[in-house]
Amino acid sequence: MSVEMIQPILSEKEFVITEVVSSKILGFWLYLMSDCVVFATLFVAFAVLSPHTAGGAKGSEIFNLRYVLIQTFCLLSSTFTCGLSMVARNKGNHQVIFWLSITVLLGGVFLGLEMTEFSILIMEGSGPGRSAFLSAFFSLVGTHGLHVTVGLLWMMIMIYQIFKKGLTQNTQLRLFLLSLFWHFLDIIWIFVFSIVYLMGSLP
């Protein structure tokens, strides 16, 4: 995405993109690309290690697709509400805060369901130390969950900043970067859901 494509989003309310702002956006894109490399490595590790169950449970025996579908619905919905928070900037601070709060709620439900899933697996003896497959599974899904946690903390800080300072040049930029980050996590989860859960549930 070029600066020219980003500029209309950020130029409302006389928000002018400076060279400093442009460099921050570029730097964040570079960070996202480096994160793509991290997740790509984890996906490759999962693909290589998934057959090595060490006599333990396979994905088809431990994955609950209905449960994961609820997680997916929550995260996809949170991405939609995060987008609405960007659209709502023209309607005032309260609208932005409202949609960000809904996003935090949905993201929190997603994270809670993921932690519950991990707890159940560990209690059933299918923890990360049980096999190479489970180690790769916990590493990949857990890394995504860690990113979601960071995103939720960032979102709560944004809500506080907008409440205190309003939609200033800095808060609009941070909101834009937060939206990029959250959409990135959504895309990664689609790959996790498709590769780890759907393909892993095949007999």
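Could we say that residue 97 is in contact (Cβ under 8 Å) with a residue 40 or more places away in the chain, of a type in the set (A, V, I, L, M, F, W, C), at negative phi and out of contact with any Cys (no Cβ under 9 Å at 6 or more places or on another chain) here? When the stated conditions are applied, residue 97 passes them. Hey, among 81, 116, which residue is hydroxyl-bearing (Ser, Thr, Tyr), out of contact with any strand residue (DSSP E or B) (no Cβ under 9 Å at 6 or more places or on another chain) and surrounded by 17 or more Cβ atoms within 10 Å (Cβ to Cβ)? None of the other options fit; the residue is 81. Across segment 95-128, the qualifying residues are those that are charged (D, E, K, R) and more than 30 Å from residue 175 (Cα to Cα), and the one among them that is modelled with the lowest pLDDT is 124.
For segment 76-88, residues that are more than 16 Å from the chain's Cα centre (by Cα) and free of Cβ contacts under 8 Å to residues at least 12 places away in the same chain total 2. For residue 1, the requirement of being more than 23 Å from residue 157 (Cα to Cα) and either modelled with pLDDT of 85 or more or not aliphatic (A, V, I, L, M) (or both) is not met. In segment 140-169, the residues that are on the phi > 0 side of the Ramachandran plot form Cβ pairs under 9 Å with partners that are assigned to a helix (DSSP H, G or I), at six or more places apart or across chains, as follows: 166/93. With respect to being modelled with pLDDT of 85 or more, touching a helix residue (DSSP H, G or I) at 6+ places or on another chain (Cβ under 8 Å), farther than 24 Å from residue 198 by Cβ and of a type in the set (Phe, Trp, Tyr), residue 63 falls outside the description.
All of 63, 73, 46 fail the test of being hydrophobic (A, V, I, L, M, F, W, C), closer than 25 Å to residue 122 by Cα and without any contact (Cβ under 8 Å) to a residue 24 or more places away in the chain, apart from 73.
The values are calculated or read from the model by the stated rules, or taken from the named source; none is laboratory data. Model, not experiment: these values are computed from the prediction. Don't worry about glycine lacking a Cβ; one is built from the backbone with ideal geometry, like all the others, and counts go over all protein chains shown.
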